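The values are calculated or read from the model by the stated rules, or taken from the named source; none is laboratory data. Note that this is a predicted model, so its numbers are computed, not measured. With ideal geometry, Cβ positions are generated from the backbone for all residues, glycine too; neighbour counts draw on all protein chains shown. Remember, those area values only see protein heavy atoms, side chains included, never the ligands or the DNA or RNA. Shrake-Rupley method; radii C 1.70, N 1.55, O 1.52, S 1.80 Å.
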Protein chains: 2
Amino acid sequence: MQFTSERRFDDGVIEREFTLGEIPGTLWTPPSPAPAPLVLMAHNNGLPKGEPRLVARARRSVAYGYAVASIDAPGCGDRPRSTADEQARADLGRALGAGEPIDEILESLVGSLVERAVPEWRTTLDALLTLPEISGPVGYSGWTAVGIRLAAIEPRISAVGFFAGGYVPRAQREEARQITIPLLFLLQWDDEGNPRQRALDLFDAFGTQEKTLHANTGGHTGTPWFEVEDGNRFFDRHLK
Amino acid sequence: MQFTSERRFDDGVIEREFTLGEIPGTLWTPPSPAPAPLVLMAHNNGLPKGEPRLVARARRSVAYGYAVASIDAPGCGDRPRSTADEQARADLGRALGAGEPIDEILESLVGSLVERAVPEWRTTLDALLTLPEISGPVGYSGWTAVGIRLAAIEPRISAVGFFAGGYVPRAQREEARQITIPLLFLLQWDDEGNPRQRALDLFDAFGTQEKTLHANTGGHTGTPWFEVEDGNRFFDRHLK
């Protein structure tokens with residue numbers, strides 16, 4: 001893990017860019033030198049890790065005492081896209097324009113992104129946990145499909161906050177039953193591109209006994225800011 | 001409004017029983033003499049206002065700086081039941097025992113309780129707002145059916161937190177569309193006696209643009225304590 005830049009915000013938060021092999025990442029840590037619990041903040045494939053709203057979320061979690069890490073997984077953010085990714089995205093655009101069904105295209109596109117993202121998140125987690133400024137335990141926040149797979153196979157993750165707005169491949173809808181750690185599921189009630197009933201069915205499917213759904217009116221990008229606070233308080237209940 | 005007893009808790013919360021005509025009520029206020037915003041805490045018909053979990057909820061809201069008031073509405077708590085109430089409750093018990101449909105019995109029983117409770121809540125609100133220790137604004141927390149009717153006709157109520165676990169008469173399901181104030185709707189995902197889909201349909205029907213659903217796993221009485229905190233933070237966003 002190589003740190004390539006460092007920035008300090010006026011509230012003391014330290015933001016460092018890193019690379020880990022081909023993986024580009026960002027780590028935000030509190031000003032205190034005490035080892036902090038870790039939140040993996042996985043944005044979905046459409047946004048780069050430097051997107052301002054994601055950075056604001058990360059900084060807010062640091063204010064709660066967490067170290068927060070994000071990476072651009074393969075095909076995400078500024079990472080190069082494979083020919084298959086490009087083809088799938090072109091197919092998606094065409095189908096959306098023609099008003100045709102998109103589930104099978106998303107199944108292929110997102111399924112492939114998940115397969116490639118999860119090993120890189122585990123590699124990143126290995127490296128992060130060697131740092132003296134990070135102590136664990138570990139939470140995960142964001143992209144549902146990747147988080148389901150990670151939580152299903154990764155015993156070091158203790159609590160997960162998922163955002164319902166995104167396609168979840170059939171394999172992960174099945175794996176959801178294997179999740180037994182505390183879970184907060186965040187749904188935008190009027191999300192244009194993501195069927196509400198599918199999200200409710202997924203919430204129902206999660207195997208954990210301690211799961212909470214937060215739904216708010218509004219579209220895909222309309223999540224109210226107070227949910228960032230609620231997400232951090234959720235982690236406070238389970239990671240501290 | 002006649003205060004009939006006063007108790008002080010070691011955290012400074014003052015609990016006073018009162019009567020207002022035939023209405024028995026309880027008012028909890030903070031130790032500070034500054035006028036406080038008010039939360040009307042309406043338990044549903046099966047519980048008396050002195051039930052320990054309700055008292056604990058009220059005291060917790062006082063810790064957030066609210067005055068909290070509760071009453072036993074007609075046919076609720078220790079109030080005498082009408083012959084029709086007794087008949088409906090007997091019919092309900094019989095139908096439940098026989099595994100027969102109960103919707104029409106509940107429609108009659110709860111519909112009548114709502115009709116009688118709402119005027120008493122308004123009378124209570126009138127009296128509470130004359131007290132120097134209460135300033136408004138006013139929130140409402142608890143029994144959904146009564147709260148829908150109150151919020152629909154009572155402009156002094158600024159935000160509502162409803163608990164989904166209870167029968168909502170058809171008239172109030174219609175009136176839900178008239179609610180335009182901020183709303184937090186609390187659902188127990190596995191509530192034995194209250195169909196989940198009906199609660200989700202009701203959440204969808206509320207007319208307000210700023211509504212939030214919190215759902216947790218578990219049965220009717222299993223609401224986790226952190227929802228009390230979330231409810232107070234919801235009021236903090238809208239009543240302060």
### Task
Would you point out the residue of segment A:185-240, among those that are away from chain B (no Cβ under 11 Å) and of a type in the set (Lys, Arg), that is farthest from A:Tyr64 (Cα to Cα)?
A:Arg198
### Task
Looking only at segment A:118-130, decide whether some residue is touching a strand residue (DSSP E or B) at 6+ places or on another chain (Cβ under 8 Å) and among the β-branched types (Val, Ile, Thr).
yes
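Tell me which residues, restricted to segment B:119-145, are of a type outside the set (S, T, N, Q), in a helix (DSSP H, G or I) and under 24 Å from B:Phe3 (Cβ atoms). Step through it out loud before you land on a result.
Just the residues of segment B:119-145 that are of a type outside the set (S, T, N, Q), to begin with: B:119-122, B:125-129, B:131-134, B:136-140, B:142-143, B:145.
Now narrow it down to the ones that are in a helix (DSSP H, G or I): B:119-122, B:125-128, B:145.
Within segment B:119-145, B:Pro119, B:Glu120, B:Trp121, B:Arg122, B:Leu125, B:Asp126, B:Ala127, B:Leu128 meet the criteria.
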#### Entry: From the options B:Asp72, B:Asp85, B:Asp78, residue that is surrounded by fewer than 21 Cβ atoms within 10 Å (Cβ to Cβ), modelled with pLDDT under 95 and touching a Gly at 6+ places or on another chain (Cβ under 8 Å)
B:Asp85
#### Entry: Residues of segment B:156-181 that turn out to be open to solvent by less than 20 Å² (accessible area, probe 1.4 Å), under 30 Å from A:Phe206 (Cα atoms) and either modelled with pLDDT of 95 or more or within 14 Å of chain A (Cβ to nearest Cβ) (or both), as a count
5
### Query
Within segment B:21-39, can one find any residue that is over 15 Å from the mean Cα position of the chain (by Cα), open to solvent by 50 Å² or more (accessible area, probe 1.4 Å) and either more than 20 Å from B:Phe3 (Cβ to Cβ) or of a type in the set (Asp, Glu) (or both)?
yes
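For every residue, the table says whether it meets (1) closer than 18 Å to B:Glu17 by Cα; (2) surrounded by fewer than 20 Cβ atoms within 10 Å (Cβ to Cβ).
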residue	(1), (2)
B:Ala95	no, yes
B:Ile102	no, yes
B:Glu107	no, yes
B:Trp121	yes, no
B:Ala127	yes, yes
B:Thr130	yes, yes
B:Glu133	yes, yes
B:Gly142	no, no
